[in-house]
Amino acid sequence: MGMIIAFILFFIAIYGLIARRNIIKAIIAFGIMESAIILYFLGAHHERNAVPPLLLGQIAEGTAIADPLPQALMITSIVIGVSVTAVGLTMFISLYYHYGTTNWLKVAIKRKEEK
Amino acid sequence: MVIDLFWFVLLPILFAVFSYLIYPKKGLILVLFFQFLLFYLAVCNFLEVKANGTRLEILGGYPQGIGISLKSDLVSAVLIMLVIFLFTNMILFNYHKDYVNYLFRLLYLILEGLICALFLSNDLFNIFVLVEVSTIIVSILIIFKKYSQSIYDGIIYLFSNLIAASFFLFGIGILYRYFGVLDISLLTEAVSRFDNPPALFLPFAMIITGLSLKSAVMPLFSWLPKAHGTPSAPSIVSAILSGIYIKCGLFIFVRVSAIFHGVIDVGQIFIVMGALTAVVGFIFALSQTDIKLILAYHTVSQVGLMMLGLSLGTEYAYYGAFYHLINHAVFKSTLFLTAGIMIEEYHTRNLYEIKGLWQKQPLVALATLVSILGITGAPLFNGSYSKYLIEKGGLHLPFFDVLMLIINLGTIVSFVKYSSVLKKDNSQQRVPLRFNQSIVILTLAAVTFLGGLFGPYLSSFFFGISKPIYASDYLIKLGVYLLSIAVCYLFYRFFYHKIALFKKIRQIELSFNEIVLSMFIFFCGMYFYLIVFGG
């Protein structure tokens, strides 16, 4: 289920990037994309009743143990996502100071006139 | 002295942090010393790989599949030498400029470490992380001089590459779900034993979409000229981006398609796409009048040529493409550096306003001429030998030599146009060139020439493959080359200005939404192609 939702979210984000002309919305769509991927990774090897892979001595024989790798990967991915969003927003702010608009097309037109 | 592979990543980054403490214009000797040391270590690594085969190293002492692994085969050992060679030259070239401050040098040296890491990495998630970090650094370097136009170019570059990286990461996620590993060597084994190839179409299409944007293949290259040709990027940044950074995408593409080798066979579509990219690239290059944009679009064309060579599947074409990659790195960075000097001297980027380079700066003109000869594949220059290898590797395909001829003709026409900077103009005064800049462009020009003269020896030394060229071959090639030059010159002189198509193409510019749309269409097309013809 989680994986299907992840796919839907991913393509909603793609739709947002294609159809919305607002730069802020593009950044938000990018955030949605990021969360879709995180959801997918965490759902990939999910098992019900799995226990965290801690305290190995105390886990009863036969208990399912959760796969720790996706979590480690996704922590990295979240950190990258945060920094990327920060860089994107910073660049957007200075773009906004230059052109005074949040619209991709208007920015492109003003950029062309500048030459 | 052979060092562990991770030092090639860590040393530049550590040194970058260290050099942040030194005043940039004073520390040149130290930086150069460090670069030479690193180059020496890279040569040692190459000799070790050549003698004892591929080096595989797992960090942290964990078993394979748990720890991060680094791998250096012949190709990546050679590419690391190339990266360090180019960065050394670039640092020497521009150390006196005002914008080379603490931050610039920090970012630049970190980028060196990251590019080395991309060539060494043997783990898909690691590749994703490196791609993201280097994308951020490159986008900061692009807007470094803070001209107002460049901020738009930078933001387009950043966003389109981030979305490509997201596609890549989603593809990795699906692979991880099936196999539970992300290490390339282990993944290759697991994929070859996988019994349900159609399930791999979706991750493959996603990963390839991401990598195709990264390496600027046919419909997805519109970010590249913005990033490589933007007015504000210092010429050494453009040179590194066009010379070596774009090749990371190609290199990862090779590694990823090796994973799926035998399960998903898509060699043919990449041959077609490579050829299309090469042709479309030079048509776009031909229609531009901005010297940096001509060079940037030309990179697209050459990437197509390399993609073509890498997908042909024969040994000659494969290593020929890698040899071409090295050559292209050398002459394209020379061209970007000389273009940077021209822009500074003439205060314009318009090709038609730049004349009399021979009178103004003979050395720059000489380097430009040598690189033009290299890129158009004049006999005895390096481009000719690598194109020859690719051509020999593709002879089993019908009309392949015609295709190569067309691509080469396109290259020649666009550089006949470019070479109008060398036209005579006696009103120009001689302007002296700085000592460090002349050393760098002369070194690069000499490498362009020597790489062609000793092409067969070098390619057998680097990759263990060579195709001897005899004097009679040279004569034939010389004849063909002169004839093509004549045809191209006539075409440019008499027909080019009458074709209105070029003016229309000059106006084409995709907006951000359209870039993402083309990426999405590419992904869907790839997926449906795989469903219909793959497996």
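The values are calculated or read from the model by the stated rules, or taken from the named source; none is laboratory data. Being a predicted model, the structure only gives us computed values, none of them experimental. Ideal geometry is used to build each Cβ from the backbone, glycine not excepted, and the neighbour counts take in all protein chains shown. To get the accessible areas, we keep the full protein, side chains included, count just its heavy atoms, and leave off ligands, DNA and RNA. Shrake-Rupley method; radii C 1.70, N 1.55, O 1.52, S 1.80 Å.
Taking amide H positions as modeled 1.01 Å from N, with prolines and chain starts lacking one, the residues under 5 Å from A:ILE65 and 5 or more places away or on another chain are A:VAL51.
Pulled fully out, how much extra length does the chain show between B:LEU103 and B:ALA471, if you take 0.36 nm times their separation in residues and subtract their Cα-Cα distance?
Full extension of this stretch gives 127.3 nm more.
Within a straight-line Cα-Cα reach of under 17 Å, B:LYS392 can be paired with the following lysines, leaving aside sequence neighbours fewer than 8 residues apart in one chain: B:LYS467, B:LYS477.
Simple point charges give the picture: +1 on the Cβ of Lys and Arg, -1 on the Cβ of Asp and Glu, and for the protein assembly as shown a dipole about the Cα centre of about 2380 debye. Take each complete run of DSSP H in chain A, measure how far its Cα atoms stretch along the helix's own axis, and keep only those covering 24 Å or more with mean Kyte-Doolittle hydropathy at least -0.5; list them. The answer, listed by residue number, is A:2-19, A:23-44, A:69-99. Distance from the alpha carbon centroid of region B:439-461 to that of region B:219-291 works out to 23 angstrom.
Ranking B:ARG493, B:ARG434 from most to least accessible surface, computed with a 1.4 Å probe over the protein chains only, gives B:ARG493, B:ARG434.
A cut-off under 13 angstrom between Cβ atoms defines the neighbours of B:ARG430, and their net charge, with Lys, Arg +1 and Asp, Glu -1, is -1. Packing, as the average of other Cβ atoms within 10 Å across residues, places the peptides B:132-141, B:228-237 in the order B:228-237, B:132-141, highest first. For chain A, a crude dipole built from +1 on the beta carbon of Lys and Arg and -1 on the beta carbon of Asp and Glu, taken about the Cα centre, is about 900 debye to the nearest 20. Placing R0 at 22 angstrom, the Cβ-Cβ distance between B:THR188 and A:ALA64 gives a FRET efficiency of 0.15 after rounding to 0.05. Label separation (B:CYS524 vs B:LEU28): 5.5 nm, computed from points 7 Å beyond Cα along the C-beta direction. Here the spin labels are modelled as points 7 Å beyond Cα on the Cα-Cβ line, and at B:VAL532 and B:GLU48 they lie 5.0 nm apart. Per-residue SASA remark: B:HIS396, around 110 Å² accessible (1.4 Å probe; ligands, DNA and RNA not included).
Summed over both chains, the area buried between B and A is near 4000 Å², taken from the accessible surface of protein heavy atoms with a 1.4 Å probe. For the protein assembly as shown, carbon and sulfur atoms together expose 67% of the accessible surface, with a 1.4 angstrom probe and every protein chain in place. Computed over protein heavy atoms with a 1.4 Å probe, the accessible surface of chain B works out to 35 Å² per residue. If R0 is 51 Å, the Cβ-Cβ spacing of A:ASN49 and B:PHE454 corresponds to a FRET efficiency of close to 0.15. Bridging of B:LYS423 to lysines at a Cα separation below 19 Å is possible for B:LYS292, B:LYS355, B:LYS360, once same-chain residues fewer than 8 apart are set aside. Annotation: for a label point projected 7 angstrom from Cα along Cα→Cβ of B:LEU59, residues of region A:48-83 with backbone N closer than 20 Å are A:68-83. The listed residues B:PHE36, B:PHE168, B:PHE399 rank as B:PHE399, B:PHE36, B:PHE168 when sorted by accessible area, largest first, using a 1.4 Å probe. When both region B:81-112 and region B:347-415 are represented by their alpha-carbon centers, they are found 27 Å apart.
In region B:1-122, taking the dipole from charged Cβ atoms about the Cα centre, the farthest positive-side position among B:ILE84, B:LEU56, B:TYR23 is held by B:TYR23.
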